[in-house]
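The values are calculated or read from the model by the stated rules, or taken from the named source; none is laboratory data. Note that the structure is a prediction, hence the values are computed from the model and not measured. Methodologically, a virtual Cβ is constructed for each residue, glycine included, from the backbone with ideal geometry; neighbour enumeration extends over all protein chains shown. Side chains are part of the model used for accessible areas, which takes the heavy atoms of the whole protein and leaves out ligands, DNA and RNA. Shrake-Rupley method; radii C 1.70, N 1.55, O 1.52, S 1.80 Å.
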Amino acid sequence: MKDTYRHQGLRQQLVNVLISKGIKDQNVLKAIGNIPRHLFMDSSFLDHAYQDKAFPIAADQTISQPYTVAFQSELLQIKRGDKILEIGTGSGYQTAVLCELGARVYSIERQNELFKITSRFLPKLGYRAKKLIFGDGYIGLEEEAPFDGIIVTAGAPFVPKPLLKQLKVGGRLVIPVGDDVQIMTMFTRKGPKEFEQEEFGEFRFVPLLEDKN
Ligand code: SAH
């Protein structure tokens, strides 16, 4: 679990790449500059950790591309203390970014293997989510709703209704929607029944699957 000057240097280069790709939010850039992404991947992948690429993790899943993590985090416009629900804990990297941004994080993962690995790993790095849940993100987390923001980190074939329902008025749902390719979509709750919908181009994610595994 080492984080050396070399890692920090590579991380700063990654931050510069994200700036050149259009990420502006200083808090998001700072979070990515702080988090030792190489520790979220198998150690043999060390050289890949600070490239702007997605990478395989356990259970046939991927750690999202840093640009995608930054892009989704920027859209959420998190303020310290915000209550945020993440669907797809995976490696926990996005969870760590949300923690660095000062959010109170609830995160759901449907793969038991990943849920167990990440639940043990995140606290070791000092990242304490409010709750990590083994469950099905399609139904959200009714008992903790409403949320200031909800982020889905897997490709959703459609927008799950419970996630819209569990947003505060003023809250944002950031979700990639589509089958093979996804359109990054943001819903802002304007009132009890009013949502504004905006689209932000194409991304590729592993699929949001139903039920637990
Ligand atoms: N945020 C993660 C991205 C992991 S990839 C990271 O930074 O590493 C997407 C994750 O979503 C996978 O771990 C996958 O198992 C999970 N997933 C897919 N469908 C899900 C569902 N219905 N509920 C919860 N998690 C789901």
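Here are some notes:
Results for (1) in contact with a Ser or Thr (Cβ under 9 Å, 6 or more places away or on another chain); (2) touching a residue at least 12 places away in the same chain (Cβ under 8 Å), shown as yes or no for each residue.
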{"residue": "15", "(1), (2)": "no, yes"}
{"residue": "22", "(1), (2)": "no, no"}
{"residue": "31", "(1), (2)": "yes, yes"}
{"residue": "35", "(1), (2)": "no, yes"}
{"residue": "86", "(1), (2)": "yes, yes"}
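- Within region 193-213, if we keep just the residues that are part of a strand (DSSP E or B) and either within 16 Å of the ligand (Cβ to nearest atom) or acidic (Asp, Glu) (or both), the residue that is nearest to residue 66 (Cα to Cα) turns out to be 203.
- If you filter region 31-51 down to residues that are assigned to a loop (DSSP other than H, G, I, E, B) and within 14 Å of the ligand (Cβ to nearest atom), you find that the one that is most open to solvent (accessible area, probe 1.4 Å) is 42.
- Evaluation of residue 68 against the conditions (1) under 25 Å from residue 18 (Cα atoms); (2) touching a residue at least 60 places away in the same chain (Cβ under 8 Å); (3) more than 11 Å from the ligand (Cβ to nearest atom) shows that the sole unmet condition is (3).
- If you go through region 1-44 and keep only what is closer than 14 Å to residue 100 by Cβ and among the β-branched types (Val, Ile, Thr), you end up with 15, 28, 32, 35.
- Residue within region 25-37 that is under 24 Å from residue 197 (Cα atoms), at pLDDT 95 or above and out of contact with any His (no Cβ under 6 Å at 6 or more places or on another chain) present: yes
- Filter result for the condition that a residue is among the basic types (Lys, Arg), away from the ligand (no atom under 14 Å from the Cβ) and open to solvent by less than 80 Å² (accessible area, probe 1.4 Å), over 168, 190: 168
- Yes/no for residue 60 being more than 23 Å from residue 185 (Cβ to Cβ), within 15 Å of the ligand (Cβ to nearest atom), more than 13 Å from the chain's Cα centre (by Cα) and open to solvent by 40 Å² or more (accessible area, probe 1.4 Å): yes
- Restricting attention to region 108-164, the residues that are open to solvent by less than 40 Å² (accessible area, probe 1.4 Å), assigned to a loop (DSSP other than H, G, I, E, B) and near the ligand (Cβ under 10 Å from one of its atoms) add up to 7.
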